[in-house]
């Protein structure tokens, strides 16, 4: 193959690879776009799943309401590297463990929230969980979601 055609092929391949690399794989959102800092909430329940992923870690908790109905709540937390700096380990929470989670409700009012802190009921250990260092253990607490302890 002549040098000129080879150069064009290589440049075309590089251009395609660069274009693919430039496409974000997951959109990141601001706290205010998804969560309401004026709606603090607290739930107590049993850990059902822990996802140690980027850009955010997640925990899922079965919460029993005053009516006896069990609802699974999802909580977005900070990125794994920030949680590790705050003292978390991948095995900090175990499936079946009881926890209290303080955080902020999602704007769409689903059973989804941003966690500020997680308290392990078996030990009393408090783990900061928010996605912003300034939010981790500050802000309003003690608010309770209606129908949830």
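Taken together, 119, 138, 100, 144 contain a single residue that is under 16 Å from residue 36 (Cβ atoms) and either at pLDDT below 90 or surrounded by 15 or more Cβ atoms within 10 Å (Cβ to Cβ) (or both), which is 144.
Listed here are the residues, each with its yes/no results for (1) within 20 Å of residue 117 (Cβ to Cβ); (2) in a strand (DSSP E or B).
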position: 55; (1), (2): yes, no
position: 59; (1), (2): yes, yes
position: 62; (1), (2): yes, yes
position: 68; (1), (2): no, no
position: 71; (1), (2): no, yes
position: 75; (1), (2): yes, yes
position: 82; (1), (2): yes, no
position: 87; (1), (2): yes, no
position: 90; (1), (2): yes, no
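Residues that are within 12 Å of residue 57 (Cα to Cα) and either out of contact with any strand residue (DSSP E or B) (no Cβ under 8 Å at 6 or more places or on another chain) or touching a residue at least 60 places away in the same chain (Cβ under 8 Å) (or both) within segment 91-119 comprise just one, 114. Among the residues of segment 60-102, which ones are closer than 10 Å to residue 45 by Cβ and under 14 Å from the mean Cα position of the chain (by Cα)? Matches in segment 60-102: 60, 61, 73, 101.
For segment 21-59, the tally of residues that are over 17 Å from residue 130 (Cβ atoms) and either under 12 Å from the mean Cα position of the chain (by Cα) or at pLDDT 95 or above (or both) stands at 6.
Here residue 68 meets the list (1) without any contact (Cβ under 8 Å) to a residue 40 or more places away in the chain; (2) out of contact with any helix residue (DSSP H, G or I) (no Cβ under 9 Å at 6 or more places or on another chain); (3) within 18 Å of residue 122 (Cα to Cα) almost entirely, failing just condition (3).
Applying the set (1) modelled with pLDDT under 90; (2) surrounded by fewer than 10 Cβ atoms within 10 Å (Cβ to Cβ); (3) on the phi > 0 side of the Ramachandran plot to residue 87 leaves exactly one unmet item: (2).
The values are calculated or read from the model by the stated rules, or taken from the named source; none is laboratory data. Since this is a predicted model, take the numbers as computed values, not measurements. FYI the Cβ positions are ideal-geometry reconstructions off the backbone, even for glycines, and counts take in every protein chain you see.
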